[in-house]
Amino acid sequence: MSLLEKRLSELPARPGVYLMKNAKDKIIYVGKAKLLNKRVRSYFDGREHEGHRAASLMRPHVHNIEWIITETEEEALILEANLIHKYKPIYNVRQKDDKHYPYITLTVKEPFPRAFITRSLKKDGNLYFGPFINSLAMHFLLDMSTQLFHLRECKLKLPLKMPVRPCLNYHIGRCDAPCALLCTQEEYREKVQEAIRLFEGKRDDLLRKWGEEMEEASRNFDFETAAKKRDAILALQATDTKQKADAANAHLTLDVISIRRNEKLAAAAILEYREGVFFGRRHYRLECNLEQTESEILQEILASWYLDVDLIPAEIALETPIPEKEQKLIEKTLSEKAGRKISLIYPKRGEKVGFLRLAHANAEMLLVEMLAESRKYDEIAQSVFDLQKELGLKKTPFTMECVDISHLSGTNTVASLVAFKNGRPDKANYRKFIVKTVEGVDDFASMQEILERRIQRLKKENKPLPDLFVVDGGKGQVESVQHILNALGHSELPLIGLAKRLEEIVFPGNHPSIVLRRTSPALKLLQNIRDEAHRFAITFQRSKRKKDLQVEWLNHAGIGEALRTKILSKYRSPEHFLEAPPEDIEYLLGKTRALKIREQVVDFITTR
């Protein structure tokens, strides 16, 4: 019994999280289950289930399975999200979030907090608000926090042992000067709490509170305080006028989520509305190596989006429906985290449908940007992934090389090496070789010399070996090259041969050969690299032969490379050499040597 079979037999009938590992003990997939034994075994029963369409792609790479038992399925959902975030398995949906967008940080861990802009989120106990797509709105909020709540802008480590003279902000009414001990920590903290309401979008709470304080100050004839509250209310109402969404319900608070997918790439847009105000947008770039549907992506990753947020809205509007069972599980998990009821809704009419259209447009725009940036997933490069699947390779063959040996009637043996990267010719890495140690026709010995020189050069340049090596030929050629690789200490290099008669793909060892359909993108890719290697070798052979013929009239004893170059720099053919004035040749070569070489050239022409 193999290790994998043993682990499958030990799976418990309990809720929990399972971790699939490859031969290198690396986690490649994390999933949750209500019953671990049923869920995990379904991957290996040979059938393609709903939600497991890509099981056949992942199965060959699974060598071990571990699991963590939980009390409930809700606990498993949270644990799954945390483990995916921690390990980033290749077959789970992988996201690149929008942390490059700016946030407002409020340093509540300090005695006298301050607000500033940051582009990195840290788990330091401070509060982070954002991300902000509109930098003008972000700077406006920061300015309002100083204008209304007098949050300090300096970087002093307060409180100071000795007070200092207040800065200009104090004199223009934008700071209460805690550095000069002109306000207490309690007074400052009260304004910080109001600033938090502003950053969270709870403007109605602030307006209500300030209205009550203004009325109370008026009743007490404290008209200065009442005027300040009135000015604050007017200033805050002005921000609402600028940022109000076109919503009939001014108290609307919800998130709107849309996901758009194209094969293995997906984009998610989350629009945030807080009390009728468009508060911000988050978006995620997703990599889905199992090509999940939009619904499957939501089931896997929705809960993880809300693990670290401070506020989960009561309603989350989705464009794509998810199964009722998964929906209830996610709602229950989020409700327990928020401490109140959270609902997933699917608007069909009204203003929320308009919000969904806007989220859809945002996700579509991001996906178009991703597809424009990436050339890896177009029609040609997709053949690379098809080839990996057809050959059962553990590693995607992003880089491939093929060597072709060429000779002319047993002479002038040369070799060409072509390289393909991401399914396309990588001409910068094409190489030409003149076989130096082999006499006559011996393709095996020639291949051994070329491979040895190639591998040594890659090591010297500190470059990796190709992901796949392709041989033009059948079983005999493949076994010969495998023997060479074994001798060079690189038996692990993936190797195949492509036999021309049936376009049969041949493997070393006892692995059976396979024949792909003629229209297969994987087969076309192999044919391209094989034919390109042959074309490059023939071109090199002809070029070398032409060059050799051009200098054949100087291939005589006593004429070395330096002298040959000297003559050819002035006379390109034997006819030109003989037609030249004798005094010119004597000037170039000297009288004795000029006479000797002229006689040899005459002999060459008469015997040609």
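Summary of values
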quantity	calculated
Pick from the range 33-71, criterion among the basic types (K, R), closer than 18 Å to N92 by Cα and out of contact with any helix residue (DSSP H, G or I) (no Cβ under 9 Å at 6 or more places or on another chain), ranking: modelled with the lowest pLDDT	R53
Residues (touching a helix residue (DSSP H, G or I) at 6+ places or on another chain (Cβ under 8 Å) and more than 20 Å from K228 (Cα to Cα)) located in the range 179-193	A180, Q185
Residues (in contact with an Asp or Glu (Cβ under 7 Å, 6 or more places away or on another chain) and not in a loop (DSSP other than H, G, I, E, B)) located in the range 337-357	S343, L344, I345, L356
Test: residue in the range 204-220 that is surrounded by 13 or more Cβ atoms within 10 Å (Cβ to Cβ), in contact with a Pro (Cβ under 7 Å, 6 or more places away or on another chain) and of a type in the set (K, R)	no
Selected residue [closer than 30 Å to L141 by Cβ, in contact with a helix residue (DSSP H, G or I) (Cβ under 8 Å, 6 or more places away or on another chain), modelled with pLDDT of 90 or more and not assigned by TED's automatic domain parsing to the domain that holds Y18] from S343, S304	S343
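Let's see how each residue does on (1) under 20 Å from L493 (Cβ atoms); (2) of a type in the set (K, R); (3) touching a residue at least 24 places away in the same chain (Cβ under 8 Å); (4) out of contact with any Lys or Arg (no Cβ under 7 Å at 6 or more places or on another chain):
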| position | (1), (2), (3), (4) |
| --- | --- |
| F420 | yes, no, yes, yes |
| Y430 | yes, no, yes, yes |
| K436 | no, yes, no, yes |
| E452 | yes, no, yes, yes |
| Q456 | yes, no, no, yes |
| E461 | yes, no, no, yes |
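The values are calculated or read from the model by the stated rules, or taken from the named source; none is laboratory data. Treat the numbers as computed from the prediction; the structure is a model and nothing was measured. We place every Cβ from the backbone using ideal geometry, glycine too, and count neighbours over all the protein chains shown.
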